[in-house]
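**Q** Submitted below is the structure of interest, expressed as structure tokens.
Coordinate-derived values only; no laboratory data. None of these values were measured; they are calculated from a predicted model. Don't worry about glycine lacking a Cβ; one is built from the backbone with ideal geometry, like all the others, and counts go over all protein chains shown.
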Amino acid sequence: MDLDTFKNRFLNKIEFDCELAKFTWFGVGGKAEILFIVEDLISLSDFLKNKPNEIDILIIGAGSNLLIRDKGFKGIVLLTKKLNKINIDKNHIITAEAGATDADVARFARNNLRGGLEFLLGIPGTIGGGVKMNSGAFGSEFKDVLIDVKAINHLGQFKTFTNKELGMRYRGLEISEEWIFCSARLKSFKDEKINIENKMKKVISLRKEAQPTGVKTGGSTFKNPIGNKAWKLIDKAGCRGFKIGGAMIS
């Protein structure tokens, strides 16, 4: 399908030249050539099947840890924040859609007396981004709790990847960039609500000690090099408090 036909077909579902700053935590960035807000997986599959192959795609979930350049993005931006359902099955496996926030999943687990997901409270983002980056905090990361993930490629085809098939490594995966994550199944264990809440309070306390609060922050933005800690290198380089304009290293 050519670009003009594509635009006409989805005219009521896409926005043109949409400001992306309002979808990011930092509140900066230019416009998206085309913005598609994902309502459900059926419409997403239809959209991707008809998308011209040459158009680039950018996925935005919560917009945390994301800097959009002032020139914006030439291509399609998929906004997944409405894909946010969370449920638990009879086997106590929690399934969360890609746009569900990590914190909401942690609270859902607590409300269902399931432990092991408290660390998600300390990760400012969504499940889709968490899987994509193998995000982690306070000694745990997604690869420790992920069973499998449902994904869709740029042709609108679905596939489920197991934890092992993803090739999860420190802050990354081994699979092709063509796959967009739709939902994830997470393992947990039965626990008392008071135990879960105490662990969550500790996560919040540690986060407040380690990072600024109440400001536009990317949290732990930098990856740790092998055998070292990013914060130590920042200190050593004299960059703690370094500022350019309104941006600062904390």
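**Q** I need to check one value: relative contact order of segment 1-146, counting alpha carbon pairs closer than 8 Å and at least 6 residues apart, in percent.
**A** 19 percent
**Q** Below 29 Å, Cα to Cα, which lysines can K193 reach? Residues fewer than 8 away in the same chain don't count.
**A** Output for K193: K81, K82, K85, K90, K143, K201, K202, K208.
**Q** Turning to a different aspect of this structure: For segment 1-68, run through the trypsin sites (Lys or Arg not before Pro) and keep only the ones in DSSP coil with at most 16 other Cβ atoms within 10 Å of their Cβ.
**A** Qualifying residues, ordered by number: K13.
**Q** Express the relative contact order of segment 121-250 as a whole percentage, based on alpha carbon pairs under 8 Å and six or more residues apart in sequence.
**A** 21 percent
**Q** Within segment 51-158, report the trypsin sites (Lys or Arg not before Pro) that DSSP leaves as loop and that have at most 11 other Cβ atoms within 10 Å.
**A** R69, K71, K90
**Q** Residue by residue through segment 55-67, which ³J(HN,Hα) values in whole Hz follow from phi under the Karplus form 6.51 cos²θ - 1.76 cosθ + 1.60 (θ = phi - 60°), with glycine and proline marked x?
**A** So the J values, rounded to whole Hz, are 7, 6, 10, 10, 9, 10, x, 7, x, 7, 6, 10, 10.
**Q** Run through segment 14-93 and list the GluC sites (Glu not before Pro) located in a DSSP loop whose Cβ has at most 14 other Cβ atoms within 10 Å.
**A** Those that pass, being in a loop and sparsely packed, are E39, E54.
**Q** Starting from the Kirkwood Rh over alpha-carbon pairs, what translational D in µm² s⁻¹ does segment 149-203 have by Stokes-Einstein at 4 °C and 1.567 mPa s?
**A** 95 µm²/s
**Q** Okay, next question. Within 12 Å, Cβ to Cβ, of I249, how many net charges do the neighbouring residues add up to if Lys/Arg are +1 and Asp/Glu are -1?
**A** So the surrounding residues net to +1.
**Q** For the chain, what is the percent of antiparallel DSSP beta bridges, rounded to the nearest 5?
**A** Approximately 80 percent, going by the DSSP bridge assignments.
**Q** Which percent of Cα pairs goes in each bin when the distances of segment 104-154 are cut into 5 angstrom slices starting at zero?
**A** 5, 19, 30, 27, 13, 4, 2, 0
**Q** Assign unit charges at the C-beta atoms only (+1 for Lys and Arg, -1 for Asp and Glu), then state the dipole size of the chain relative to its Cα centre in Debye, rounded to the nearest 20.
**A** 920 debye
**Q** Once amide H atoms are built 1.01 Å from N in the peptide plane, which residues 5 or more positions from S183, or in another chain, come under 5 Å H to H?
**A** A98, K150
**Q** Taking 2.2 N^0.38 Å as the expected size of a compact globular protein, what ratio does the Cα radius of gyration of the chain give against it, to two decimals?
**A** 1.07
**Q** Equivalent-ellipsoid semi-axes (√(5λ), Cα gyration tensor) for segment 199-243, whole Å, largest first?
**A** Output for segment 199-243: semi-axes of 22, 15, 9 Å.
**Q** For E178 paired with A237, estimate the spin-label separation in nm (one decimal), with each label point 7 Å from Cα along the Cα-to-Cβ line.
**A** Each label point is offset 7 Å from its Cα along the Cβ direction, giving 3.6 nm.
**Q** Specify the inter-centroid distance of segment 87-150 and segment 14-79, based on alpha-carbon positions, in whole Å.
**A** 24 Å
**Q** Pulled fully out, how much extra length does the chain show between S205 and R69, if you take 0.36 nm times their separation in residues and subtract their Cα-Cα distance?
**A** Roughly 45.7 nm would be gained on extension.
**Q** Further, regarding this structure: When N is the residue count of segment 40-112, what does its C-alpha Rg come to as a fraction of 2.2 N^0.38 Å?
**A** 1.39
**Q** Here's another thing I want to ask about it. When only Cα pairs under 8 Å and 6 or more residues apart are kept, what is the percent relative contact order across the chain?
**A** Reported as a whole number, the value is 16 percent.
**Q** What is the percent of Cα-Cα separations in segment 1-63 that go past 17 Å?
**A** More than 17 Å apart: 43 percent of the Cα pairs in segment 1-63.
**Q** Here's a follow-up. Net charge near H92: determine it from the other residues with C-beta under 9 Å of the C-beta of H92, scoring Lys and Arg +1 and Asp and Glu -1.
**A** The answer is +3.
**Q** Given points 7 Å out from each Cα along the Cα-Cβ axis, report the D89 to D191 separation in nanometres with one decimal.
**A** 2.3 nm
**Q** Want the number for N111 to L58: 0.36 nm per residue separation, take away the alpha-carbon distance, what's left?
**A** Additional length available on full extension: 15.7 nm.
**Q** Now for a different question. Send over the semi-axes of segment 105-250's equivalent ellipsoid, whole angstrom and largest first, taken as the square roots of 5 times the C-alpha gyration tensor eigenvalues.
**A** 28, 23, 13
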